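The values are calculated or read from the model by the stated rules, or taken from the named source; none is laboratory data. Remember, predicted model here, so these are calculated numbers, not experimental data. No Cβ is skipped: glycine too gets one built from the backbone with ideal geometry, and neighbour counts run over all protein chains shown. Only protein heavy atoms, including side chains, enter the accessible area calculation; ligands, DNA and RNA are left aside. Shrake-Rupley method; radii C 1.70, N 1.55, O 1.52, S 1.80 Å.
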There are 2 protein chains.
Amino acid sequence: MKLLSDAAEYALRAVIWMAREPSTPRKVRDIAQATHAASGYLVKVLQGLARAGILSARRGSQGGFTLRRDPAELTVLEVIQAIDPIERLRACPLGIEAHGACLCPMHQQIDDALAMIQQRFAQSTIRDLLDRHTTGQLRCAALMIDTGSTQASQGDSMCPNT
Amino acid sequence: MKLLSDAAEYALRAVIWMAREPSTPRKVRDIAQATHAASGYLVKVLQGLARAGILSARRGSQGGFTLRRDPAELTVLEVIQAIDPIERLRACPLGIEAHGACLCPMHQQIDDALAMIQQRFAQSTIRDLLDRHTTGQLRCAALMIDTGSTQASQGDSMCPNT
């Protein structure tokens, strides 16, 4: 089970990277390189973020995409909702007439989980995630690799320390 | 964003319905009808549940699928994991070498959400969901329809009251 779609994940990575210098216009190819994304796919994601007012877009040699929102206020949830929204269950997803607008216990459980995810993502801002990068707060899911936790950031263009 | 795949949802619906009479062998077509699923698709889901030891399968006119596990012990998570597992992030999903087995803050956030979902689903048993059906605990996500909450269960073959 994949929690976020590729598009939502690319959107987050792009916004986090751009948040290092919010007022700097960025070319698609630079964002693509920094976030390990294919340009052709990424540009559609960036256009989606522009439609949602998270980025602005300007054509021309001095143009590019620019972050419009303050990273300290922009939440992880807002970025996700702009691209691949987490939707609560408003009616029986099976269209069972007898349920109408009610949710059976199984769908209540699923809806509760969706509410929980929304709430968690609404509590984190892009600034929060960026700050954790800066302070080297990488969590090792397995044994530490030879380079160690702070060194693991080196060579990664997403990381503000490189 | 869809939290559970169709297959995982069909698995849950089938198991919940079968849990009304756990020791009764059920034909695929009966489970399909009760759970509003296509037989051809459902049989693969049921086979997956059988491989996981949640159901047993027996051929023949007296055969069918039977629930092997006690609904009071079988968790929602176990059913999901048998069909479309929720996997924690063990390494950088992007394969960024510099991250190695570490998770950047964005993937930590996603992994935390996955952990939360796993925990929530592990806390509910099939019996819990079935009991809430029996006591008519339907949650109305919108205005009450004319039939009312308990009447909304009537005519729904998933509901133990019909």
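Assorted remarks:
- Some residue of region B:20-41 being outside any helix (DSSP H, G or I), over 30 Å from A:Val79 (Cβ atoms) and under 13 Å from the mean Cα position of the chain (by Cα): no
- Exactly one residue among A:Leu67, A:Leu42, A:Leu74, A:Leu130 is buried (at least 19 other Cβ atoms within 10 Å of the Cβ), facing chain B (nearest Cβ under 9 Å) and closer than 16 Å to A:Val15 by Cβ, and that residue is A:Leu130.
- For the condition facing chain B (nearest Cβ under 7 Å) and modelled with pLDDT under 75, A:Ile96 qualifies.
- Taken over region A:4-19, the residue count meeting the criterion of being part of a loop (DSSP other than H, G, I, E, B) and surrounded by fewer than 20 Cβ atoms within 10 Å (Cβ to Cβ) is 1.
- Selection status of A:Cys140, within 7 Å of chain B (Cβ to nearest Cβ) and at pLDDT 70 or above: no
- Residue selected from region A:23-39 under the condition crowded, with 17+ Cβ neighbours inside 10 Å and not hydrophobic (A, V, I, L, M, F, W, C), by the criterion modelled with the lowest pLDDT: A:Thr35
- Pairing each residue of region A:1-22 that is facing chain B (nearest Cβ under 10 Å) with any residue that is open to solvent by 20 Å² or more (accessible area, probe 1.4 Å) and of a type in the set (A, V, I, L, M, F, W, C), provided the two are 6+ apart or on different chains, yields C-beta distances under 6 Å for A:Ala8/A:Ile83.
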